[in-house]
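No lab work stands behind these numbers, since they all come straight from the coordinates. The shown structure was predicted, so the numbers you read here are calculated from the model rather than taken from an experiment. Counting neighbours? That spans all protein chains shown, and the Cβs are built from the backbone with ideal geometry, glycine included.
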Amino acid sequence: MKTRPNRRAGTRKLLGGVWALLGVVAAVTPYGCLYDETDRCGTSQTYDAELERCVCESGFGLVDRTCVPCREHEVGTLSGCDCAEGFARPSEGAACQKAETLGKACASDTECKDPKYSVCHLEGAAGYCTSACETSEDCDRTLNYACDYFGAVGVCERPPTGEGHACATSADCAGFEADYCEAFREKKCLRQGCKQNPSICHGDWVCCDISVLGTSLCIPPDALESGACPGGGTLIPRGE
Amino acid sequence: MLRRKTGLRGLAIVAAALWPLPLLGQTAAQPQAPATATSGSNDTPAPPVESAPPPSSAASTQLPAGLPTTRRDYMREDNPWDTTVPSSRAGAGPLAESASSVAAEPETEVPTEPDAPAEESESPIRIYGFSDMTIRHLILPKDSPWFTYLPRNTTGHVGNLNVYFDTQMGPKWRALSEIRFTYLPDGAASTAVTDGLIERGTNQAGDYTEFSRATSVGGIIIERAYLQYMRFSWLSIKAGQWLTPYGVWNVDHGSPTVISVRSPFIIGAELFPRRQVGLLAEGTIDLGKDFELGYALGVSNGRTNDFSFYEDFDANKAVTLRSAMTWRGMGELTVGATAYKGRATRASEALYYAGTALKSRQQIEKQWDEVAYAIDLRWTWSHVHLQTEWIMNDRKYTDAGRTEAANGGLSPDRRLWGGYALLGYRTPWLGTMPYFKFEYSPEPQTQAIGIADKFVMYAGGLNIRPVPRVVFKVEYTQAYTPGQGSSLFAGQTIRGIDLQAAWAF
């Protein structure tokens, strides 16, 4: 008989404790949750579930960890805003304009009116206006043009599309001519597949067959280490 | 009726303490649970049995009215294996009045606050601490990428050498500092995998007393340093740097106390900040013979590790809140809950001109708002020990503070969660405890470089305590990372054997 009051008292204590804990929970409730699975990124950003990251929405480029709107004739990338196909910047930082000078589409030299870029360099049926050169120093380095001096007359060649874009995986380089992501060192898009035809490397860039990566890559000549390809790769000479 | 009133009073006090939280929460802070009811492991290496203190009842009768009559865990958390009464009682040293086994018998009552007038309650500084030595052998293929983070060869190391400086400065005043001495940063491996090369740094200096021979120099880590004012059993205030009082093993982190060889991953993942600098109020409220409610409320600068221990880079103060209920009806059962809200900011300053006037502005390097919740349970009954903690953390970046992601682009907001459970049984044979531990934990460091997301770990071992202050541990661990491709780090199961000796001094 004595145990019943004790049990009741114990039950009351337990209930008191439970109420106290509930009070704490109620007090904590305003903390709420910050995580919204459907909205994991910031302003003008979208979530890339495959690579678990935020990227800029279409029309925005990543600049200083912020997605900024790209201007007319620009496309957004992880490195900022680049000129759209067929457009170029007359100078670094300038707005993209239809390529009337350097890079302007042409079929013959007569279409290249700008005396500075009076050479129509043909790649197959299509060509673009550029300049003659003896070394890459003669070319527009800000736009990554490089001198192809392997022919009778040296000519400044434009880089493959996407070359130099920041990347984490090759998915970031998809759709570009430079469709391989070198993710170990530079984390930039490079053109691959030059082993069979090293001349696809623009200008004075060289072709290295890097077996550890399972592909061959076009790399700038200053990336050679004492004249040898990095990563134990094999230098593929040009056929010309 | 009396007990009922006590319980309601306790509830009222807690409610009053928590009422301002929503306002504070707008600025971010983390509350700390009163270590009292929640922290402290029964497996803490206890002081020598021979030097057991007087029975609690006798001790409590000596206490002035209004002071607690039972040993509070918030004292034990500070030095879990040291059961010395932190007062001038008999002028004893750290061992002289140690309770026989707070670890084994947490219900043992020992006064924790001064029981003498002010001039008598002052004490000389007491110095004590713990250390450990571990031998690790990993069972992995010799070309496993995990060797970039883990020792390739069977290796012994001294992991912790923590020293406490403890002073009772008056009847209600106490100062405690805990310093970890470490070999770091000498020889530390870089933590970033950028080009596949993990280099080790050196921290050497020419020793002018030894012909300027190169000598490796280590460092210290300030675990905590605070002044404590213990007004009532239900109100103690700490000012300084304190360990966030969540769960069990963040505060009670001594290697002789932790049953397994290492603390759970979820603790190291810091879903709650490990340490904070600010004010912490905590205490316990007696709800009756078998029930006790503990709480903690802290306001701080916010995260410290990887940010700053001595400057808050945002105006937002972090709030920590903890409550825990202890029931001693069948052994000792403690259930606790902790919440934290804060903003973490790392920034630099830049000068600029506005016309001819020199100005400055803050440049945010990274910044996010976060909330974290934790629940914990610890039950010791007879020789059985069950302990579990589960933690969740939500992080939402500000627009200015979103960091670059490992896979390019920017880091998304995230939710991390995980926990562990440990079950052990203390046998009478040399105090041996076989135990089994399960862990499911995120690992922010490997997530940041994109090589692994979560870890699942199973560990089993023996915790042997031949004498109260010496613990030997033998543990086998198997870990893997779910949901990752086999070509990455994650595809490689980690197996290892650890031997550890840990001791309190």
- Förster-model FRET efficiency, 22 Å R0, B:Phe211 and B:Val158, C-beta, rounded to 0.05: 0.25
- Item | Within a Gaussian network of chain A (alpha carbon springs, distance under 10 Å), most fluctuating of A:Ser79, A:Ser226, A:Ser58 | A:Ser226
- For the pairs A:Lys104/A:Lys187; B:Lys238/B:Lys289; A:Lys188/B:Lys366; B:Lys317/B:Lys473; A:Lys187/B:Lys317; A:Lys98/A:Lys187, note any where the Cα-Cα span goes beyond 32 Å. B:Lys317/B:Lys473; A:Lys187/B:Lys317
- Normalising by the residue count of segment A:100-161, find the relative contact order in percent from Cα pairs under 8 Å and 6+ residues apart. 25 percent
- Quick one: length gained pulling B:Ile198 to B:Val470 fully straight, 0.36 nm per residue minus the C-alpha distance? 94.3 nm
- Task: Only Lys, Arg, Asp and Glu count, each charged at its Cβ (+1, +1, -1, -1), so figure out the dipole size of segment A:40-98 about its Cα centre, rounded to 20 debye.
- Result: 140 debye
- Message: Charges on Cβ only, +1 for Lys and Arg, -1 for Asp and Glu, centred on the Cα centroid of chain A; of A:Gly42, A:Thr77, A:Ala146, which one is farthest towards the dipole's positive end?
- Response: A:Gly42
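Any chance you could run the full-extension gain for B:Leu227 through B:Lys359? It's 0.36 nm times the residue separation minus the Cα-Cα distance, nm to one decimal.
Values: separation 132, 0.36 × 132 = 47.52 nm, distance 3.80 nm.
Extra length available between B:Leu227 and B:Lys359 comes to 43.7 nm.
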- Roughly how many Å is it from the Cα centre of segment B:409-479 to that of segment B:150-168, as a whole number? 18 Å
- Item | Zone residues, segment B:296-312, relative to B:Ile220, backbone N less than 19 Å from point 7 Å out along Cα-to-Cβ | B:305, B:309-311
- Note on the structure: Loop-resident chymotrypsin sites (Phe, Trp or Tyr not before Pro) in segment B:158-259 with no more than 16 other Cβ atoms inside 10 Å, DSSP not H/G/I/E/B, are B:Tyr183, B:Tyr208, B:Phe211
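Classify segment A:100-161: rounded, prolate or oblate, from the alpha-carbon gyration tensor (a ≥ b ≥ c, eigenvalue square roots; a/c under 1.5 rounded; otherwise prolate if a/b is larger than b/c)?
On the way: a/c = 1.42, a/b = 1.34, b/c = 1.06.
Since a/c stays below 1.5, the shape of segment A:100-161 is classed as rounded.
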- Message: How big is the dipole moment of chain A about its Cα centre under a simple scheme where the beta carbon of each Lys and Arg is +1, that of each Asp and Glu is -1, and everything else is neutral? Debye, nearest 20, please.
- Response: 2720 debye
- Item | Positive-end extreme of charge dipole, segment B:348-448 - chosen from B:Ser441, B:Trp429, B:Thr403 (charges on Cβ) | B:Trp429
- Message: Just to confirm the filter: which GluC sites (Glu not before Pro) across segment A:118-203 are DSSP coil and have at most 14 other Cβ within 10 angstrom of their Cβ?
- Response: A:Glu134
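Just in segment B:272-361: which chymotrypsin sites (Phe, Trp or Tyr not before Pro) are loop by DSSP and have at most 14 other Cβ atoms within 10 Å?
When the chymotrypsin sites (Phe, Trp or Tyr not before Pro) of segment B:272-361 are filtered for loop state and at most 14 Cβ neighbours within 10 Å, B:Phe309, B:Tyr310 remain.
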- Query: Ranked highest first by the average count of other Cβ atoms within 10 Å around their residues, in what order do B:383-392, A:200-209 fall?
  - Reply: A:200-209, B:383-392
- Task: Return one number: the angle in degrees, 0 to 90 and rounded to the nearest 10, between the long axis of the Cα atoms of helix A:3-28 and the longest principal axis of the Cα atoms of chain A.
- Result: 30 degrees
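Would segment A:192-240 count as rounded, prolate or oblate if I go by the C-alpha gyration tensor, calling it rounded below 1.5 in a/c and otherwise prolate when a/b exceeds b/c, oblate otherwise?
Values: a/c = 1.76, a/b = 1.15, b/c = 1.54.
Oblate, since a/c reaches 1.5 and b/c is not below a/b.
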- Task: Determine the distance separating the Cα centre of segment A:128-204 from the Cα centre of segment B:347-369; give it in Å without decimals.
- Result: 38 Å
- Item | Helical contribution to [θ] at 222 nm, DSSP H n ≥ 4, -39,500 (n - 2.57), averaged over chain A, rounded to 500 | -4000 deg cm²/dmol
- Options B:His253, B:Ala239, B:Gly201, ranked by Cα towards positive dipole end of segment B:180-274, top entry (Cβ charges): B:Ala239
- Query: Of the residues A:Cys41, A:Cys81, A:Cys67, which exhibits the maximal mean-square fluctuation in a Gaussian network model of chain A defined by a 10 Å Cα contact cut-off?
  - Reply: A:Cys41
- Could you give the dipole magnitude of segment A:100-161 about its Cα centre, charging the beta-carbon of Lys and Arg +1 and that of Asp and Glu -1, in debye to the nearest 20? 140 debye
